Amino acid sequence: MSDKPTYLSLLNAIAVNEARSHRYLQAWIEKTDDPEVKAVLQKVSWREGEHGMSFAKRINELGYGLRDKNEYVTEERYSIAISDVSDREKIEKLGLHELDKLLDYFDTVFKDHTIDIETGELLGRYIAEEFDSARLLRNCWEQLCAREGTKSVPVDA
């Protein structure tokens, strides 16, 4: 039987995806002229960057290394972030206005009772911040829709 944590692949996926999200959000921040959008993106981007590093650090503390298999679609997301489409359209193309649907995945994370305390604390903070970031991005999108006179469809619809 291996001592390898059952949740190691989860930590790795979070570390890789969060670091990549930080990259494209930073590019978008440089592209947007809207100070309100920029403020939301900066808060979310800092979180994503911190999450990427914190989870990579935790993997190292557990005695393992980060594995970036380059399986994730990142260039497409980066291309959208630096494109000339509106901020509202970027949010929609990236699915950031309905992140809550993806975050439902984390409802069962703590069913794994082998998660150690330090990792549990890190995951708990991460999940809470991800849901808050989802709310911030959805509210930003709704405000952009209102400004443009575009109909925003509720997430629950």
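The values are calculated or read from the model by the stated rules, or taken from the named source; none is laboratory data. This is a predicted model, so every value here is computed, not measured. For neighbour counting, all protein chains shown are included, and Cβ atoms are generated from backbone atoms with ideal geometry for every residue, glycine included.
Among the residues of segment 86-101, which ones are basic (K, R) and either buried (at least 21 other Cβ atoms within 10 Å of the Cβ) or in contact with a Cys (Cβ under 8 Å, 6 or more places away or on another chain) (or both)? Explain how you work it out, then say what you get.
Step one: filter segment 86-101 for residues basic (K, R), giving 88, 90, 93, 101.
Those that are basic (K, R) and either buried (at least 21 other Cβ atoms within 10 Å of the Cβ) or in contact with a Cys (Cβ under 8 Å, 6 or more places away or on another chain) (or both): R88, K90.
Would you point out the residue of segment 1-60, among those that are out of contact with any helix residue (DSSP H, G or I) (no Cβ under 9 Å at 6 or more places or on another chain) and touching a residue at least 40 places away in the same chain (Cβ under 8 Å), that is nearest to T108 (Cα to Cα)?
T6
Within segment 69-83, identify whether any single residue is surrounded by fewer than 16 Cβ atoms within 10 Å (Cβ to Cβ) and in contact with an Asp or Glu (Cβ under 9 Å, 6 or more places away or on another chain), and answer yes or no.
For segment 69-83, residues surrounded by fewer than 16 Cβ atoms within 10 Å (Cβ to Cβ) and in contact with an Asp or Glu (Cβ under 9 Å, 6 or more places away or on another chain): present.
Return a yes/no flag: does segment 36-46 have any residue that is over 19 Å from Q143 (Cα atoms), at pLDDT 95 or above, assigned to a helix (DSSP H, G or I) and under 17 Å from the mean Cα position of the chain (by Cα). So that I can check it myself, show each step before the final result.
From segment 36-46, those over 19 Å from Q143 (Cα atoms) are 45-46; that's our starting set.
Checking the rest, the ones that are also at pLDDT 95 or above come to 45-46.
Right, trim to assigned to a helix (DSSP H, G or I) and you get 45-46.
Imposing the further condition that a residue be under 17 Å from the mean Cα position of the chain (by Cα) reduces the set to 45-46.
Scanning segment 36-46 turns up at least one residue that is over 19 Å from Q143 (Cα atoms), at pLDDT 95 or above, assigned to a helix (DSSP H, G or I) and under 17 Å from the mean Cα position of the chain (by Cα).
Test each condition in (1) part of a helix (DSSP H, G or I); (2) in contact (Cβ under 8 Å) with a residue 24 or more places away in the chain for F110 and report the one that comes out false.
If we test F110 against (1) part of a helix (DSSP H, G or I); (2) in contact (Cβ under 8 Å) with a residue 24 or more places away in the chain, just (2) comes out false.
Please go through segment 3-22 and give me each residue that is buried (at least 18 other Cβ atoms within 10 Å of the Cβ) and either touching a strand residue (DSSP E or B) at 6+ places or on another chain (Cβ under 8 Å) or part of a helix (DSSP H, G or I) (or both), ordered by number.
Matches in segment 3-22: L10, L11, N12, I14, A15, V16, E18, A19, R20, S21, H22.
Hey, among Y105, Y126, which residue is part of a helix (DSSP H, G or I) and exposed (fewer than 13 other Cβ atoms within 10 Å of the Cβ)?
On the way: Y126 fails: exposed (fewer than 13 other Cβ atoms within 10 Å of the Cβ).
The match here is Y105.
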